[in-house]
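So the structure is just underneath, and the comments pick up after that.
Just so you know, all these numbers are worked out from the coordinates, no wet-lab data involved. Since the model is a prediction, treat every value here as computed from it, not as a measurement. For neighbour counting, all protein chains shown are included, and Cβ atoms are generated from backbone atoms with ideal geometry for every residue, glycine included.
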Amino acid sequence: MLVRRPHPEQGFRTCVGVLRLFRGIEAVRAEAVCGRAIEIGALSYQSVVSILKHRLDRRASPQAADGTPILHDNIRGSGYFH
């Protein structure tokens with residue numbers, strides 16, 4: 001949060017707010033919430049509130065899904081767009 005601001009001092013209030021959200025929860029869940037926020041790039045106070053409210057830290061991440069890629073003529077790969 002501090003790095004995304006033009007001046008790190010501007011992110012202090014956001015960080016203090018996020019720390020305040022973590023007062024009543026276990027450290028393991030706080031780590032899971034932070035990991036999820038970093039994973040999806042949602043680095044704001046409101047995003048962390050939403051992750052806590054909707055319990056998104058307990059769901060499996062989209063990257064954790066195992067399986068074979070879908071091969072079909074209508075599905076373009078990443079090479080198509082470069």
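Tabulated data
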quantity	calculated
Enclosed volume per residue, in Å³, of the convex hull spanned by Cα atoms of the chain	136 Å³
Size of electric dipole in the range 1-62: Cβ of Lys, Arg +1 and of Asp, Glu -1, about Cα centre, debye, nearest 20	200 debye
Relative contact order computed over the range 1-62 (Cα-Cα under 8 Å; 6+ residues apart), in percent	30 percent
Among I51, I38, I70: highest mean-square fluctuation, GNM of the chain, C-alpha pairs under 10 Å	I70
MRE, 222 nm, helices only [DSSP H, n ≥ 4, -39500 (n - 2.57), over the chain, to nearest 500]	-12000 deg cm²/dmol
